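As structure tokens, the structure follows; a few thoughts come after it.
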Amino acid sequence: MGALVESSCLLAREALCDRNIDAARNLKKHDKQVDHLYRQIEVDCINLITLESPVTKDLRLVSALMQMIRDLERIGDYSKDIGEVSLKLFPYPPHELIDQIQVMLDRCRSMVALSLLSLSKLDAEAGREIKEKDDVVDDDYERLFDLLVQAPPVSGNVEPTVLLVLVIRYLERIADHATNIGRRVVFVVTGERH
């Protein structure tokens, strides 16, 4: 599931920044696969709790996994949404801020990758690192929002600007969900909530 979500983030980048229509269309297929895995893993976790009665660290892991798969599913949804926005942006010339939005997107992809790494290795330190990266993405969001609101319309139309405001909001939410995964890894390993 994590690999599919990571791949969805890459497809979102290709759709938005490289204007790759095939990547935008493939995101819908990826999202259906992620949704299917989400439902299956959720059922598996419930069955594990019911049949195995895990305790302490094992119970923390299973309960945290149930929350983390929801975060991953949401990241997949936001990636799909970026693909849908990209399709609407194709008729317009590239926006003057697209390079800066790409930097924000790449930061989010890095956070998703780090959150999956922290999960696979149960690495609490990597989980903690993600929060610092989230602060940078939050700053990107505020700065880009201000720039987009002040930017002149593209080809006399405000639609591209409105769509890019949605994109940066989706990216900010992806970063938040990656941060949640990191926090839950810290909880699983240490028992401490941050």
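The values are calculated or read from the model by the stated rules, or taken from the named source; none is laboratory data. These numbers were taken from a predicted model, which means no experiment stands behind them. Note that each Cβ is placed from the backbone with ideal geometry, even for glycine, and that neighbours are counted across all protein chains shown. Surface accessibility is based on the protein's heavy atoms, side chains included, excluding ligands, DNA and RNA. Shrake-Rupley method; radii C 1.70, N 1.55, O 1.52, S 1.80 Å.
Any chance you could check the Cα centroid distance between the stretch 177-193 and the stretch 73-122 for me, in angstrom?
One Cα centre to the other: 22 Å.
Give the calculated FRET efficiency between Glu132 and Gln100 to the nearest 0.05, with a Förster radius of 22 Å applied to their Cβ-Cβ distance.
0.65
Which entry is the computed Rg and Dmax of the Cα atoms in Å for this structure: (1) 16.2, 46; (2) 19.8, 64; (3) 17.9, 62?
Only one option fits the structure, namely (3).
Any idea of His194's accessible area? Nearest 10 Å², probe 1.4 Å.
The accessible area of His194 comes to roughly 120 Å².
Compute the length gained on full extension between Phe145 and Leu87: take 0.36 nm times their separation in residues and subtract their Cα-Cα distance, giving the result in nm to one decimal. Please report the intermediate quantities before stating the final value.
Details: separation 58, 0.36 × 58 = 20.88 nm, distance 2.09 nm.
18.8 nm is the gain from fully extending Phe145 to Leu87.
Does anyone have the angle between helix 98-121 and the longest principal axis of the chain? Alpha-carbon axes, 0 to 90°, nearest 10?
10 degrees
Let me have the 222 nm mean residue ellipticity of the chain computed from DSSP H runs of 4+ only, each contributing -39500 (n - 2.57), with the sum over all residues rounded to the nearest 500.
After summing the helix terms and dividing by the residues of the chain, the value is -30500 deg cm²/dmol.
Mind running the shape call on the stretch 66-105? Use the C-alpha gyration tensor, a ≥ b ≥ c as the square roots of the eigenvalues: rounded below 1.5 for a/c, prolate if a/b tops b/c, oblate otherwise.
Here the stretch 66-105 falls in the oblate category.
With a ≥ b ≥ c the root eigenvalues of the C-alpha gyration tensor of the stretch 89-141, is it rounded (a/c under 1.5), prolate (a/b larger than b/c) or oblate?
Prolate is the answer for the stretch 89-141, as a/c is 1.5 or above and a/b outweighs b/c.
How far is helix 21-52 tilted, in degrees, relative to the longest principal axis of the Cα atoms in the chain, given as a value from 0 to 90 rounded to the nearest 10?
Orientation of helix 21-52: about 20 degrees from the principal axis.
Rounded to whole Å, give me the distance from the Cα center of the stretch 1-59 to that of the stretch 141-163.
Each part reduced to its Cα centre gives a spacing of 31 Å.
What angle do you read, to the nearest 10 degrees and between 0 and 90, between the alpha-carbon axis of helix 159-190 and the longest principal axis of the chain?
The helix 159-190 is inclined about 20 degrees to the chain.
For the stretch 135-194, which GluC sites (Glu not before Pro) are both in a DSSP coil and crowded by at most 10 other Cβ atoms within 10 Å?
Details: sites: Glu142, Glu172, Glu192; in loops: Glu192.
Answer by residue number: Glu192.
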